[in-house]
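Before any comments, here is the structure.
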Amino acid sequence: MSFQLGEFQQAIRQMPKEVYERLKTAVELGKWPDGKPLTDDQKATSLQAVMAWQAMHIDNPEHMNIGRDGEIVMKSKSELKRQYRDEEEIVRIDLNH
């Protein structure tokens, strides 16, 4: 399948989050939900689509992501601590006892 740049960007802009999540999981695992492995071309295209979707749709990236300008965004350890400091703690387990 061959896309022009404008067509690719439009397809990514309109891609539902559920499709993005499936592509992201497929890239992470190297296989489709049915267990069939991704080809090298599918991996490359899917990764490109995931990165483009993140750049267009995610305003507050995780520790490492692709920003809207196409640059890699990495948060420092202190930024991550500050981001998660106010979240409610679910459970804390002391493994020393």
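Label separation (residue 21 vs residue 57): 1.0 nm, computed from points 7 Å beyond Cα along the C-beta direction. Applied to region 33-47, the Karplus parametrisation 6.51 cos²θ - 1.76 cosθ + 1.60 on θ = phi - 60° returns per-residue 3J(HN,Hα) values of x, 7, x, 6, x, 6, 6, 4, 5, 5, 4, 5, 5, 5, 4 Hz, with x for Gly and Pro. Once backbone amide H atoms are built at 1.01 Å from N, residue 31 has 38 as its partners under 5 Å, excluding neighbours fewer than 5 places away on the same chain.
Take the Cα of residue 41, step 7 Å toward its Cβ, do the same at residue 4, and the gap between the two points is 2.2 nm. For residue 32 and residue 93, a Förster radius of 35 Å and the Cβ-Cβ distance give a FRET efficiency of 0.45, rounded to the nearest 0.05.
Values in this text are rule-based calculations from the coordinates and carry no lab data. Worth saying up front: this structure is predicted, and the values here are computed from it rather than measured. Glycine gets a Cβ as well: all are built from the backbone with ideal geometry, and neighbour counts include every protein chain shown.
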